[in-house]
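Participant: Take this structure first; my questions come after.
The values are calculated or read from the model by the stated rules, or taken from the named source; none is laboratory data. On a predicted model such as this, the values are computed, not experimentally measured, just so you know. Reconstructed Cβ throughout: ideal geometry from the backbone, glycine too, with neighbour counts over all protein chains shown. When the accessible area is computed, the model is the full protein with side chains, heavy atoms only, and any ligands, DNA or RNA have been set aside. Shrake-Rupley method; radii C 1.70, N 1.55, O 1.52, S 1.80 Å.
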Amino acid sequence: MKKTRKKTESQARVALVRCGNYDSGKIVESVKKAVDELGGIDRFVRKGQRVLLKPNLLIARPADKHVTTHPEVVRAVIKLVKKAGGKPFIGDSPAIGTAARVAAKCGIADVAAQERVEIVNFNQPADIDNPSGTQFKKFKIDQSVIDSDVVINLPKLKTHGQMTLTLGVKNMFGVIPGTRKTQWHLAAGIDRMQFARMLVDLYQRVSPQLTLMDAVVGMHGNGPQNGEPKRMGLIMASEDAVTLDDAACEIVGLKKDRMFTTIAAEELGIGHSRLQGISIAGERLEDCKVAGFTFPETSDLIGFFPGFLKNYMRDWLTTRPVLNQKKCEQCMVCATHCPAQAISKHNDTLKFDLTRCIRCFCCQEMCPHGAITVGTGPIARLLKL
Ligand code: SF4
Ligand code: SF4
(Lines give C-alpha, C1' and ligand atoms only; values in the text may rest on other atoms or scores of the structure.)
(Ligands and ions follow the chains in the order given, each with its own letter.)
Protein backbone atom coordinates (compact mmCIF):
# COMPACT_ATOMS: atom_id res chain seq x y z
CA MET A 1 0.00 0.00 0.00
CA LYS A 2 1.41 3.39 -0.88
CA LYS A 3 1.71 6.41 1.38
CA THR A 4 -1.10 8.96 1.58
CA ARG A 5 -1.08 10.95 -1.65
CA LYS A 6 -0.97 14.67 -2.28
CA LYS A 7 -3.61 16.38 -4.40
CA THR A 8 -2.55 16.54 -8.07
CA GLU A 9 -4.11 17.89 -11.24
CA SER A 10 -4.37 14.45 -12.88
CA GLN A 11 -6.76 13.40 -10.10
CA ALA A 12 -9.29 15.92 -11.42
CA ARG A 13 -9.83 13.75 -14.50
CA VAL A 14 -12.89 11.48 -14.68
CA ALA A 15 -13.43 9.07 -17.57
CA LEU A 16 -17.05 8.39 -18.61
CA VAL A 17 -17.59 5.50 -21.02
CA ARG A 18 -20.93 4.26 -22.33
CA CYS A 19 -21.63 0.60 -21.67
CA GLY A 20 -25.17 -0.65 -22.17
CA ASN A 21 -24.97 -4.14 -20.66
CA TYR A 22 -22.78 -6.72 -18.92
CA ASP A 23 -21.79 -8.62 -22.03
CA SER A 24 -18.22 -9.76 -21.28
CA GLY A 25 -16.67 -8.38 -24.49
CA LYS A 26 -18.45 -5.04 -24.13
CA ILE A 27 -17.34 -4.65 -20.52
CA VAL A 28 -13.71 -5.51 -21.36
CA GLU A 29 -13.76 -2.89 -24.14
CA SER A 30 -15.42 -0.21 -21.96
CA VAL A 31 -13.17 -0.77 -18.93
CA LYS A 32 -10.06 -0.58 -21.12
CA LYS A 33 -11.32 2.58 -22.78
CA ALA A 34 -12.01 4.23 -19.40
CA VAL A 35 -8.54 3.36 -18.09
CA ASP A 36 -6.94 4.46 -21.39
CA GLU A 37 -8.64 7.83 -20.98
CA LEU A 38 -6.62 8.17 -17.75
CA GLY A 39 -3.36 7.27 -19.46
CA GLY A 40 -3.56 3.46 -19.61
CA ILE A 41 -3.13 0.66 -17.08
CA ASP A 42 0.68 0.96 -17.20
CA ARG A 43 0.35 4.26 -15.30
CA PHE A 44 -1.09 2.37 -12.34
CA VAL A 45 0.38 -1.16 -12.39
CA ARG A 46 3.93 -2.35 -12.99
CA LYS A 47 5.28 -5.83 -13.64
CA GLY A 48 5.32 -8.11 -10.60
CA GLN A 49 3.20 -5.85 -8.37
CA ARG A 50 0.59 -7.42 -6.14
CA VAL A 51 -2.69 -5.66 -6.97
CA LEU A 52 -5.72 -5.72 -4.67
CA LEU A 53 -9.05 -5.46 -6.48
CA LYS A 54 -11.61 -4.25 -3.94
CA PRO A 55 -15.17 -4.74 -5.24
CA ASN A 56 -18.36 -4.04 -3.28
CA LEU A 57 -19.21 -7.45 -1.75
CA LEU A 58 -21.84 -6.16 0.67
CA ILE A 59 -23.89 -9.31 1.05
CA ALA A 60 -24.53 -12.63 -0.75
CA ARG A 61 -27.00 -11.82 -3.55
CA PRO A 62 -27.04 -12.89 -7.23
CA ALA A 63 -25.43 -10.50 -9.74
CA ASP A 64 -28.81 -9.60 -11.28
CA LYS A 65 -29.90 -8.01 -7.98
CA HIS A 66 -27.15 -5.41 -8.48
CA VAL A 67 -26.09 -5.38 -4.83
CA THR A 68 -22.46 -6.23 -5.62
CA THR A 69 -19.96 -5.08 -8.25
CA HIS A 70 -20.70 -7.11 -11.38
CA PRO A 71 -18.38 -10.11 -11.96
CA GLU A 72 -17.71 -9.10 -15.57
CA VAL A 73 -16.37 -5.72 -14.38
CA VAL A 74 -14.04 -7.58 -12.01
CA ARG A 75 -12.98 -9.91 -14.84
CA ALA A 76 -12.19 -6.98 -17.16
CA VAL A 77 -9.96 -5.36 -14.53
CA ILE A 78 -8.22 -8.70 -13.82
CA LYS A 79 -7.38 -8.98 -17.52
CA LEU A 80 -6.01 -5.42 -17.67
CA VAL A 81 -3.87 -5.89 -14.55
CA LYS A 82 -2.44 -9.15 -15.89
CA LYS A 83 -1.65 -7.47 -19.22
CA ALA A 84 0.42 -4.91 -17.33
CA GLY A 85 2.28 -7.77 -15.61
CA GLY A 86 0.58 -7.30 -12.23
CA LYS A 87 -0.62 -10.08 -9.93
CA PRO A 88 -4.27 -9.38 -9.07
CA PHE A 89 -6.17 -10.70 -6.08
CA ILE A 90 -9.71 -9.93 -4.87
CA GLY A 91 -10.45 -8.92 -1.29
CA ASP A 92 -13.22 -7.51 0.88
CA SER A 93 -14.94 -7.76 4.25
CA PRO A 94 -18.69 -8.15 3.63
CA ALA A 95 -21.35 -6.93 6.06
CA ILE A 96 -22.56 -10.53 6.51
CA GLY A 97 -20.62 -13.71 5.67
CA THR A 98 -17.19 -14.13 4.13
CA ALA A 99 -15.81 -12.69 0.88
CA ALA A 100 -15.70 -16.24 -0.54
CA ARG A 101 -19.38 -16.84 0.25
CA VAL A 102 -20.55 -13.53 -1.19
CA ALA A 103 -18.32 -14.00 -4.25
CA ALA A 104 -19.78 -17.48 -4.80
CA LYS A 105 -23.33 -16.12 -4.77
CA CYS A 106 -22.75 -13.12 -7.04
CA GLY A 107 -20.57 -14.93 -9.59
CA ILE A 108 -17.22 -13.33 -8.75
CA ALA A 109 -15.93 -16.68 -7.43
CA ASP A 110 -16.51 -18.27 -10.89
CA VAL A 111 -14.63 -15.41 -12.54
CA ALA A 112 -11.80 -15.73 -9.99
CA ALA A 113 -11.55 -19.48 -10.64
CA GLN A 114 -11.55 -19.03 -14.43
CA GLU A 115 -8.93 -16.28 -14.24
CA ARG A 116 -6.93 -18.10 -11.50
CA VAL A 117 -7.15 -15.28 -9.02
CA GLU A 118 -7.27 -15.66 -5.23
CA ILE A 119 -10.13 -14.29 -3.09
CA VAL A 120 -9.02 -13.01 0.32
CA ASN A 121 -11.44 -12.57 3.20
CA PHE A 122 -10.33 -9.61 5.28
CA ASN A 123 -9.99 -11.04 8.77
CA GLN A 124 -6.45 -10.10 9.82
CA PRO A 125 -6.59 -6.64 11.38
CA ALA A 126 -3.31 -4.76 11.59
CA ASP A 127 -2.56 -1.25 12.90
CA ILE A 128 -1.66 1.58 10.56
CA ASP A 129 -0.88 5.13 11.55
CA ASN A 130 -2.66 7.95 9.80
CA PRO A 131 -0.54 10.99 10.71
CA SER A 132 -2.18 13.28 8.15
CA GLY A 133 -5.69 12.29 9.29
CA THR A 134 -7.69 15.20 10.63
CA GLN A 135 -9.39 13.32 13.45
CA PHE A 136 -8.66 9.64 12.98
CA LYS A 137 -4.94 9.04 13.48
CA LYS A 138 -4.99 5.24 13.56
CA PHE A 139 -6.91 2.50 11.79
CA LYS A 140 -6.98 -1.26 11.95
CA ILE A 141 -7.21 -2.51 8.38
CA ASP A 142 -6.57 -5.91 6.86
CA GLN A 143 -2.93 -6.99 6.58
CA SER A 144 -3.36 -8.00 2.93
CA VAL A 145 -4.33 -4.41 2.07
CA ILE A 146 -1.14 -3.15 3.74
CA ASP A 147 0.94 -5.81 1.92
CA SER A 148 -0.45 -4.98 -1.54
CA ASP A 149 1.55 -2.73 -3.90
CA VAL A 150 -1.48 -1.30 -5.67
CA VAL A 151 -5.14 -0.94 -4.68
CA ILE A 152 -7.82 -0.75 -7.38
CA ASN A 153 -11.18 0.31 -5.95
CA LEU A 154 -14.24 -1.21 -7.72
CA PRO A 155 -17.41 0.32 -6.23
CA LYS A 156 -20.98 -0.14 -7.40
CA LEU A 157 -23.14 3.00 -7.69
CA LYS A 158 -25.95 2.58 -5.11
CA THR A 159 -28.01 4.53 -2.61
CA HIS A 160 -27.18 4.28 1.11
CA GLY A 161 -29.38 5.03 4.13
CA GLN A 162 -26.76 6.90 6.14
CA MET A 163 -24.47 8.43 3.47
CA THR A 164 -27.14 8.92 0.72
CA LEU A 165 -24.93 7.17 -1.85
CA THR A 166 -22.22 4.53 -1.57
CA LEU A 167 -19.61 5.23 -4.23
CA GLY A 168 -15.81 5.25 -4.37
CA VAL A 169 -14.90 6.76 -0.99
CA LYS A 170 -17.41 4.67 0.99
CA ASN A 171 -16.30 1.45 -0.74
CA MET A 172 -12.97 1.65 1.12
CA PHE A 173 -14.78 1.00 4.44
CA GLY A 174 -14.53 -2.68 3.49
CA VAL A 175 -10.77 -2.73 4.23
CA ILE A 176 -11.72 -2.75 7.93
CA PRO A 177 -12.17 -6.38 8.92
CA GLY A 178 -15.54 -7.74 9.98
CA THR A 179 -17.16 -6.62 13.18
CA ARG A 180 -14.62 -3.83 13.73
CA LYS A 181 -16.76 -1.74 11.41
CA THR A 182 -19.37 -1.67 14.18
CA GLN A 183 -16.93 0.13 16.47
CA TRP A 184 -16.52 2.90 13.91
CA HIS A 185 -20.28 3.37 13.76
CA LEU A 186 -20.38 3.65 17.53
CA ALA A 187 -17.39 6.02 17.60
CA ALA A 188 -19.03 8.35 15.09
CA GLY A 189 -22.38 8.17 16.93
CA ILE A 190 -25.38 10.00 15.53
CA ASP A 191 -23.33 12.59 13.64
CA ARG A 192 -23.31 11.64 9.94
CA MET A 193 -20.55 14.12 9.22
CA GLN A 194 -18.29 12.50 11.81
CA PHE A 195 -18.76 9.14 10.08
CA ALA A 196 -18.14 10.79 6.70
CA ARG A 197 -14.90 12.36 8.00
CA MET A 198 -13.77 8.92 9.16
CA LEU A 199 -14.52 7.47 5.71
CA VAL A 200 -12.53 10.24 4.03
CA ASP A 201 -9.58 9.84 6.43
CA LEU A 202 -9.60 6.08 5.75
CA TYR A 203 -9.88 6.56 1.99
CA GLN A 204 -7.02 9.07 2.05
CA ARG A 205 -4.85 6.68 4.08
CA VAL A 206 -5.42 3.68 1.78
CA SER A 207 -5.18 5.94 -1.31
CA PRO A 208 -6.26 3.48 -4.03
CA GLN A 209 -4.34 4.27 -7.21
CA LEU A 210 -7.42 3.86 -9.38
CA THR A 211 -11.18 3.81 -8.79
CA LEU A 212 -13.37 2.23 -11.47
CA MET A 213 -17.11 2.31 -10.82
CA ASP A 214 -19.75 -0.11 -12.05
CA ALA A 215 -22.57 2.23 -13.06
CA VAL A 216 -23.89 0.08 -15.89
CA VAL A 217 -26.85 -0.78 -13.67
CA GLY A 218 -26.86 1.04 -10.33
CA MET A 219 -29.34 0.89 -7.46
CA HIS A 220 -31.70 3.64 -6.29
CA GLY A 221 -34.43 3.93 -3.66
CA ASN A 222 -33.98 1.78 -0.55
CA GLY A 223 -30.32 0.80 -1.24
CA PRO A 224 -27.72 -0.51 -0.72
CA GLN A 225 -29.39 -3.96 -0.59
CA ASN A 226 -33.12 -3.56 -1.16
CA GLY A 227 -33.40 -0.76 -3.69
CA GLU A 228 -34.47 -0.94 -7.33
CA PRO A 229 -31.98 -1.51 -10.16
CA LYS A 230 -31.41 1.66 -12.18
CA ARG A 231 -29.99 1.37 -15.70
CA MET A 232 -27.33 4.02 -16.19
CA GLY A 233 -25.12 2.55 -18.91
CA LEU A 234 -21.79 3.84 -17.64
CA ILE A 235 -18.33 2.74 -16.63
CA MET A 236 -16.67 5.58 -14.69
CA ALA A 237 -13.03 5.85 -13.66
CA SER A 238 -10.67 8.29 -11.97
CA GLU A 239 -7.43 8.34 -10.01
CA ASP A 240 -9.36 10.08 -7.28
CA ALA A 241 -12.55 8.67 -5.78
CA VAL A 242 -13.63 12.03 -4.31
CA THR A 243 -13.61 13.54 -7.78
CA LEU A 244 -15.30 10.50 -9.25
CA ASP A 245 -18.02 10.56 -6.58
CA ASP A 246 -18.67 14.21 -7.27
CA ALA A 247 -19.14 13.50 -10.99
CA ALA A 248 -21.49 10.61 -10.09
CA CYS A 249 -23.61 12.93 -7.90
CA GLU A 250 -23.92 15.34 -10.81
CA ILE A 251 -25.04 12.47 -13.07
CA VAL A 252 -27.75 11.18 -10.70
CA GLY A 253 -28.87 14.69 -9.68
CA LEU A 254 -27.82 14.70 -6.01
CA LYS A 255 -27.26 18.10 -4.45
CA LYS A 256 -23.92 18.54 -2.83
CA ASP A 257 -25.32 19.21 0.65
CA ARG A 258 -26.55 15.60 0.81
CA MET A 259 -23.29 13.89 -0.18
CA PHE A 260 -21.58 13.83 3.20
CA THR A 261 -18.25 12.28 2.18
CA THR A 262 -17.83 14.96 -0.48
CA ILE A 263 -18.57 17.71 2.05
CA ALA A 264 -16.02 16.13 4.44
CA ALA A 265 -13.42 15.81 1.67
CA GLU A 266 -13.86 19.45 0.79
CA GLU A 267 -13.45 20.45 4.43
CA LEU A 268 -10.19 18.50 4.44
CA GLY A 269 -9.01 19.85 1.08
CA ILE A 270 -8.99 16.43 -0.58
CA GLY A 271 -9.94 15.71 -4.18
CA HIS A 272 -11.48 18.03 -6.73
CA SER A 273 -15.05 19.18 -6.72
CA ARG A 274 -17.67 20.60 -9.01
CA LEU A 275 -16.68 24.05 -7.79
CA GLN A 276 -13.02 23.53 -8.54
CA GLY A 277 -13.69 22.02 -11.94
CA ILE A 278 -13.59 18.34 -12.86
CA SER A 279 -12.04 17.47 -16.19
CA ILE A 280 -14.20 14.95 -18.05
CA ALA A 281 -12.78 12.50 -20.60
CA GLY A 282 -14.88 10.34 -22.92
CA GLU A 283 -18.61 11.17 -22.86
CA ARG A 284 -19.82 14.65 -21.88
CA LEU A 285 -21.13 14.69 -18.32
CA GLU A 286 -24.25 16.56 -19.46
CA ASP A 287 -25.10 13.70 -21.84
CA CYS A 288 -24.78 11.07 -19.09
CA LYS A 289 -27.31 12.56 -16.64
CA VAL A 290 -29.92 10.09 -15.43
CA ALA A 291 -33.49 11.20 -14.73
CA GLY A 292 -35.72 9.81 -11.97
CA PHE A 293 -32.99 8.56 -9.61
CA THR A 294 -34.52 8.35 -6.13
CA PHE A 295 -32.64 8.76 -2.84
CA PRO A 296 -33.24 7.72 0.77
CA GLU A 297 -34.36 10.46 3.13
CA THR A 298 -31.27 12.02 4.72
CA SER A 299 -32.46 15.52 5.69
CA ASP A 300 -31.74 16.14 9.37
CA LEU A 301 -32.42 19.38 11.22
CA ILE A 302 -30.14 18.58 14.14
CA GLY A 303 -27.31 20.79 12.89
CA PHE A 304 -29.44 23.92 13.33
CA PHE A 305 -29.87 23.47 17.08
CA PRO A 306 -27.43 24.31 19.91
CA GLY A 307 -25.64 21.41 21.62
CA PHE A 308 -27.71 21.40 24.84
CA LEU A 309 -30.92 20.93 22.83
CA LYS A 310 -29.64 18.29 20.43
CA ASN A 311 -29.97 15.27 22.69
CA TYR A 312 -33.34 16.40 23.92
CA MET A 313 -34.77 17.01 20.46
CA ARG A 314 -32.96 14.54 18.26
CA ASP A 315 -35.88 12.09 18.01
CA TRP A 316 -37.95 14.89 16.50
CA LEU A 317 -35.31 16.22 14.15
CA THR A 318 -33.43 13.31 12.66
CA THR A 319 -34.27 10.54 10.26
CA ARG A 320 -34.98 7.14 11.81
CA PRO A 321 -35.40 3.47 10.83
CA VAL A 322 -39.03 2.68 9.96
CA LEU A 323 -40.33 -0.88 10.00
CA ASN A 324 -42.78 -2.36 7.51
CA GLN A 325 -44.46 -5.00 9.69
CA LYS A 326 -45.88 -6.86 6.70
CA LYS A 327 -42.45 -7.45 5.20
CA CYS A 328 -40.72 -8.32 8.49
CA GLU A 329 -39.97 -12.05 8.87
CA GLN A 330 -38.59 -11.57 12.41
CA CYS A 331 -35.26 -13.12 11.45
CA MET A 332 -33.52 -10.63 13.83
CA VAL A 333 -30.57 -10.03 11.47
CA CYS A 334 -31.10 -6.30 12.10
CA ALA A 335 -30.90 -6.72 15.88
CA THR A 336 -27.75 -8.86 15.63
CA HIS A 337 -25.98 -6.15 13.60
CA CYS A 338 -27.27 -3.08 15.42
CA PRO A 339 -24.15 -1.43 16.95
CA ALA A 340 -26.24 0.36 19.60
CA GLN A 341 -28.35 -2.68 20.58
CA ALA A 342 -31.41 -0.57 19.96
CA ILE A 343 -33.63 -3.29 18.46
CA SER A 344 -35.60 -5.84 20.45
CA LYS A 345 -38.68 -8.00 20.11
CA HIS A 346 -41.83 -7.38 22.17
CA ASN A 347 -45.07 -9.30 21.73
CA ASP A 348 -44.13 -10.57 18.28
CA THR A 349 -43.19 -7.17 16.95
CA LEU A 350 -39.90 -5.32 16.61
CA LYS A 351 -39.19 -2.25 18.74
CA PHE A 352 -36.61 0.43 17.95
CA ASP A 353 -35.29 2.33 20.97
CA LEU A 354 -34.78 5.72 19.31
CA THR A 355 -33.01 7.12 22.37
CA ARG A 356 -30.23 4.58 21.84
CA CYS A 357 -30.34 4.50 18.04
CA ILE A 358 -27.36 6.27 16.39
CA ARG A 359 -28.99 6.38 12.91
CA CYS A 360 -26.26 4.31 11.29
CA PHE A 361 -28.94 2.44 9.27
CA CYS A 362 -27.00 -0.84 9.46
CA CYS A 363 -30.41 -2.45 10.13
CA GLN A 364 -31.87 -1.02 6.91
CA GLU A 365 -28.69 -2.00 5.03
CA MET A 366 -28.70 -5.61 6.22
CA CYS A 367 -32.38 -6.55 6.41
CA PRO A 368 -32.70 -9.42 3.91
CA HIS A 369 -36.39 -8.71 3.35
CA GLY A 370 -36.35 -4.96 2.69
CA ALA A 371 -38.55 -4.41 5.75
CA ILE A 372 -36.74 -1.28 7.00
CA THR A 373 -36.65 2.11 5.29
CA VAL A 374 -35.26 5.49 6.29
CA GLY A 375 -38.01 7.79 7.59
CA THR A 376 -38.04 11.52 8.32
CA GLY A 377 -38.27 12.96 11.85
CA PRO A 378 -41.65 14.51 12.77
CA ILE A 379 -40.43 18.14 12.71
CA ALA A 380 -38.58 17.72 9.42
CA ARG A 381 -41.74 16.10 8.03
CA LEU A 382 -43.83 19.05 9.19
CA LEU A 383 -41.45 21.43 7.46
CA LYS A 384 -41.40 19.15 4.40
CA LEU A 385 -37.62 19.02 4.21
S1 SF4 B 1 -33.83 -8.01 9.54
FE2 SF4 B 1 -35.69 -7.31 8.52
S3 SF4 B 1 -37.00 -9.11 8.42
FE4 SF4 B 1 -35.39 -9.57 9.91
S5 SF4 B 1 -36.29 -8.94 11.87
FE6 SF4 B 1 -35.16 -7.18 11.11
S7 SF4 B 1 -36.69 -5.99 9.99
FE8 SF4 B 1 -37.55 -8.02 10.30
S1 SF4 C 1 -31.63 0.70 15.13
FE2 SF4 C 1 -30.74 0.64 13.08
S3 SF4 C 1 -30.15 2.76 12.72
FE4 SF4 C 1 -30.47 2.57 14.89
S5 SF4 C 1 -28.46 2.11 15.74
FE6 SF4 C 1 -29.49 0.16 15.37
S7 SF4 C 1 -28.80 -0.44 13.34
FE8 SF4 C 1 -28.33 1.74 13.56
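Participant: Please list, ordered by chain and number, the residues whose modelled amide H lies under 5 Å from the amide H of Arg50; skip anything fewer than 5 residues away on the same chain.
Facilitator: Those lying under 5 Å, H to H, from Arg50 are Lys87, Asp149, Val150.
Participant: Let me ask something else about it. Quick one: accessible area per residue over the chain, 1.4 Å probe, rounded to a whole number of Å²?
Facilitator: 41 Å²
Participant: Then there's this: Provide the packing ranking of 19-29, 231-241, i.e. peptides ordered by the mean count of other C-beta atoms within 10 Å per residue, highest first.
Facilitator: Highest to lowest by the protection proxy: 231-241, 19-29.
Participant: Same structure again: Whenever you get a sec, compute what percent of the accessible area on the chain sits on carbon and sulfur atoms (1.4 Å probe).
Facilitator: Solvent-exposed carbon and sulfur of the chain make up 50 percent of the total.
Participant: Quote to one decimal, in nm, the extra length available between Lys138 and Thr294 on full extension: 0.36 nm per residue of separation minus the C-alpha distance between them.
Facilitator: 52.6 nm
Participant: Which entries of Lys105/Lys326; Lys79/Lys255; Lys181/Lys327; Lys65/Lys137 show an alpha-carbon separation above 31 angstrom in the structure shown?
Facilitator: Among Lys105/Lys326; Lys79/Lys255; Lys181/Lys327; Lys65/Lys137, the Cα-Cα distance tops 31 Å for Lys79/Lys255; Lys65/Lys137.
Participant: For Met219, list long-range residues whose amide hydrogen, built 1.01 Å from N in the peptide plane, is under 5 Å from its own amide hydrogen.
Facilitator: Distant-sequence amide H within range of Met219: Lys158, Thr159, Lys230.
Participant: Please work out the FRET efficiency for the pair Gln194 and Asp129, using the Cβ-Cβ distance as r and a Förster radius of 35 Å; give the result to the nearest 0.05.
Facilitator: 0.95
Participant: Once label points are set 7 Å from the Cα along Cα→Cβ at both Arg231 and Lys255, what is their separation, rounded to one decimal in nm?
Facilitator: Going by the 7 Å Cα→Cβ label model, 3.1 nm.
Participant: Quick check on packing: order 286-296, 135-145, 189-199 by the mean number of other C-beta atoms within 10 Å, highest mean leading.
Facilitator: 189-199, 135-145, 286-296
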